[in-house]
Amino acid sequence: MIRCLIIDDEPFARQEVADLLDKHPDFDVLGQCGNAIEALQQINQHKPDLIFVDIQMPRINGMELIAMLNPEQMPRAVFITAFDEYAVKAFDNNAFDYLLKPIDEKRFNQTLDKVRSNMTPQPMENILPSQLAHLPCYIGSKLKVVTTTDVEFIVSDVGGIHVHSNKGVSHTQLTLKVLEEKTPLFRCHKQYLLSADAISEIEITDSGAEVTTHTGAKVPVSRRYLKELKQLLGFQ
Amino acid sequence: MSLILLLTQQMCVYLVIVYLVSKTPLFKLFAESSKRLPHKVFIYVVFSLFCILATYFGEQTTGAIANTRAMGAVLGGLLGGPVTGFFVGLTGGLHRYSMGGFTDLACAISTTLEGLSAGLFSYYLKKVGKEESLYNPAWVFMVTFAAELLQMSLILLIAKPFDQAWELVYVIAPPMLFINSLGAAMFMSIVRDQKTMFDKLSSSFSTNALKIAERSVGILSKGFNEESSQKVAQIIIEETRVGAVAITDRHKLLAFIGIGADHHLPNTPISSKITLDAIAQNKVMFADGVDTTYACSISTHCNLGSSLVIPLRSNDEVVGTIKLYEPKNKLFLNINRTLGEGIARLLSNQILYGRFEQQKNLLMQAEIKLLHAQVNPHFLFNALNTIGAIISRDPPMAKKLIKQLSQFLRINLTRTTGLVTLADELEHIDAYLAIEHARFIDKLEVSIAIPAIYHHHKMPAFTLQPLIENAVKHGTSLLFDEGVIKVKASTDGNDLLLSVTDNAGLYQPSTNTEGLGMNLVHKRLQNLFGERYGIEVHCKTDEYTCVQVRIPLDEATL
């Protein structure tokens, strides 16, 4: 059984894919998502084998969504697009699977055959954005997109990953590892990522240092990362 | 008595010379007050010569010379100022001194003083701002009279023996006083008349030129063709009163008004050689009918006798000519030649401006056409995909959507860039929204509250629809929650305001495609209605974007 997730902001477009998949009993639709933030949650939760992802989606597009995923839990992906010359060119060049809207059933079936024969996710580094301009977040049940440059620091605790920006605190499904790789924030503590632009003051302490950000928040710097921080700021 | 006649004779010779000079450009030098040195030198030379000649031609009378020298000295002083006057008088005086006689010293001194005093008087008039009085013959008469009285007194004072001097003065004083004063006054009168005539002429020239400019403004900028040329030719003939006026393009006659209009027919090829030469050489051609003969190339009975052909230029390229004609029995006035060249420049500028405007408009129309013929491909393919998904589960709905999509495409593809009613624009919007509603179902809510009284209001096609499309594409479609778009109408004084507000608040002034579409709408409205109309955007990030269209409520401006 191949477990799949359908991600598209248009309900009928999702339905169309679901209808087509109905004819293939070896594919099981876990759910449908209307945007990238929901998708991120679902992927983290259900760990699907295959995602059908529309490229054009609100705020965070399909490509950005995939760039946000942990490489370990990367599912096999089939892109869907209505009209995106650049993306289509990139898919062709890299032999990625993609479908054009309106979806042609014959081509859809061929794509499923390809997926059946090879479930290994394709390496997509060269077409994915290397940096994330926006971070998908939520406050309570409200979805929110935080601009990366607004972020002061990110902290991870048992409750999850918390993004502290100059506009408040929100939470994200992204892991610290992905955030460290795909944003300009750097690691200053096992549980913290810090933006160099947010630093207002640094005070050396027994355990390393403590940074005060422009909004007045305190961020610990462990001894392990202190040297790197000093280098980054040009103190050494 | 014979002395009076002789002196009068002398004066007349001078006046004739002055009259002749006044017909040449040189006269300007007399009619203007001299401020610069070369001018003063000119005055000095001329009036010194006057003095010297007057002494030569003077009448030997009882050992002295009755003469009209005072005229030269006084006029030199009046026109040249005190310094020039002094030198004119001195030169005339020294020359007189060299001739000898018992009054030589008295005459030399008095002539110098005459020049100086007239100069001082002229200086005084300038000082008190009554320069014009310089040219008043009555004043000149009095000044000269006074100057001659001075001379007579000096002769009596200086010349020895007194008896002889008294006898001399007794004989020469009346004729010299009278003739010199009269001569100087008449000289000034000639200068003044010429000056007045010239001023009148140039003022009527300026009036003509200005009137033509005023009346013809904007005609040719709407296009250089038969119709506009006809209008301009009519204006020119009315203002210049030449025999006939013609306007041609490079190949054919566009307009002909005046004598010979019966056989010079518009829309016929250019036949006259001088016109073709003017076009080929980009040069003003003039056949005055005297040195260069002019003969009508069409009819031998044509009464036109002279012609001026001036090329009309757009940039440096000749686009046509304007021709002024006079009939055989009339001289071609120089003033009309100059005026003609001025008119040609004026018309050339208008043609150039017209072409520029036309190109700008064409470019804008092409841009608009391109923008709107280009249906957003995303929208189109997503719409087709939606219909594809619906077709099996809800065939009637799918059918309806196909109809609406067709309607939307038809409007987009066939609508011109001209004017439509607000109702047309709303129909376009409805077709568009029907598809978007199907795509996003419950994620998009649009309320259109435009009172029916505005439905017949005219506006350029694609004024409102692109704004709604923008609000969806760059606004509500990027929201995770429900998108709300409100379309409203209101008035502000004499303006109609139409607003499209979304609840996304994601407007970024630099967004390329959005900016382009909105800019075009804005520019087009400004072009059509004026600077204060167009589009205004208010945005509160993450809350709302409101795009407002301002157009005049009064449709008469369309």
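Rule-based calculations on the coordinates, nothing more; no lab input. Nothing here was measured: the structure is a model prediction, and the numbers come from that model. FYI the Cβ positions are ideal-geometry reconstructions off the backbone, even for glycines, and counts take in every protein chain you see.
Phi angles of the stretch B:221-232 translate, via the Karplus equation with coefficients 6.51, -1.76, 1.60 and θ = phi - 60°, into HN-Hα couplings of 6, 7, x, 9, 9, 4, 4, 5, 4, 4, 5, 5 Hz per residue; Gly and Pro are given as x. Within the same chain, lysines fewer than 8 places from A:K218 are excluded, and of the rest, those with a Cα less than 19 Å from its Cα are A:K167, A:K190, A:K227, A:K230.
In this label model, B:T541 and A:T205 are separated by 3.1 nm, measuring between points 7 Å along each Cα→Cβ vector.
Across the stretch B:374-557, the relative contact order, built from alpha-carbon pairs under 8 Å that are at least six residues apart, equals 17 percent.
A viscosity of 0.890 mPa s and a temperature of 25 °C, combined with the Kirkwood radius over C-alpha pairs in the Stokes-Einstein formula, give the stretch A:134-233 a diffusion coefficient of 181 µm²/s. Taking each DSSP H run with n ≥ 4 as -39500 (n - 2.57) and averaging over every residue of chain B yields -20000 deg cm²/dmol at 222 nm.
Applying 1/(1 + (r/R0)^6) with r as the Cβ-Cβ distance of A:K114 and A:K177 and R0 = 22 angstrom yields a FRET efficiency of 0.15. By the Cβ distance rule (another cysteine Cβ under 4.7 Å), the unpaired cysteines of the protein assembly as shown are A:C4, A:C33, A:C137, A:C188, B:C12, B:C51, B:C107, B:C539, B:C546. Loop-located trypsin sites (Lys or Arg not before Pro) in the stretch B:144-246 (DSSP state other than H, G, I, E, B) with a sparse environment of at most 13 neighbouring Cβ atoms within 10 Å: B:R241.
Coupling constants for the stretch A:28-35 follow from the phi torsions by the Karplus curve (6.51 cos²θ - 1.76 cosθ + 1.60, θ = phi - 60°), and in residue order they are 10, 7, 6, x, 10, 10, x, 7 Hz; glycine and proline get x. Close amide H contacts of B:I448 (hydrogens built in the peptide plane, cut-off under 5 Å, sequence separation of 5 or more or a different chain): B:V487. Taking a straight Cα-Cα cut-off under 14 Å and skipping sequence neighbours fewer than 8 places away in the same chain, the aspartates and glutamates within cross-link reach of A:K142 are A:E38, B:D481, B:E482, B:D542. Against the main long axis of the alpha-carbon atoms of chain B, helix B:69-99 sits at an angle near 30°.
Rounded to the nearest 0.05, what FRET efficiency do B:K200 and B:K283 give with R0 = 35 Å and r taken as the Cβ-Cβ distance? Could you check? FRET efficiency, B:K200 to B:K283: 0.65. Distance between the C-alpha centres of the stretch B:1-58 and the stretch A:6-56: 110 Å, rounded to the whole angstrom. Kindly list the residues of the stretch B:239-268 that lie in the label zone of B:H301, defined by a backbone N under 13 Å from the point 7 Å along the Cα-to-C-beta vector. B:260-264, by backbone N distance to the label point.
The Rg/Rh ratio for chain B, using Cα coordinates for both the radius of gyration and the Kirkwood hydrodynamic radius, is 1.33. Only alpha carbons enter this Debye calculation for the protein assembly as shown, each as an equal point scatterer, and the log10 of I(q)/I(0) it gives at q = 0.06, 0.07, 0.10 Å⁻¹ is -0.70, -0.77, -1.08. Between B:I391 and B:T24, the simple label model (points 7 Å from Cα in the Cβ direction) yields a spacing of 9.9 nm. Helix B:377-390 and the longest principal axis of the Cα set of chain B meet at an angle near 20°.
Between B:H455 and B:V375, the contour length at 0.36 nm per residue exceeds the alpha carbon distance by 26.3 nm.
The A:N126 and B:E367 beta-carbon pair, evaluated with R₀ = 41 Å, returns a calculated FRET efficiency of approximately 0.65. Remark: the stretch B:328-338, residue by residue, has Karplus-estimated 3J(HN,Hα) of 4, 8, 10, 7, 7, 5, 4, 4, 6, 5, 5 Hz, where x stands for each Gly or Pro and the curve is 6.51 cos²θ - 1.76 cosθ + 1.60 at θ = phi - 60°.
Relative to the first principal axis of the alpha-carbon coordinates of chain B, what is the inclination of helix B:512-529, with its axis defined by its Cα atoms, in degrees from 0 to 90 and to the nearest 10? Long axis of B:512-529 versus the principal axis of chain B: about 50 degrees.
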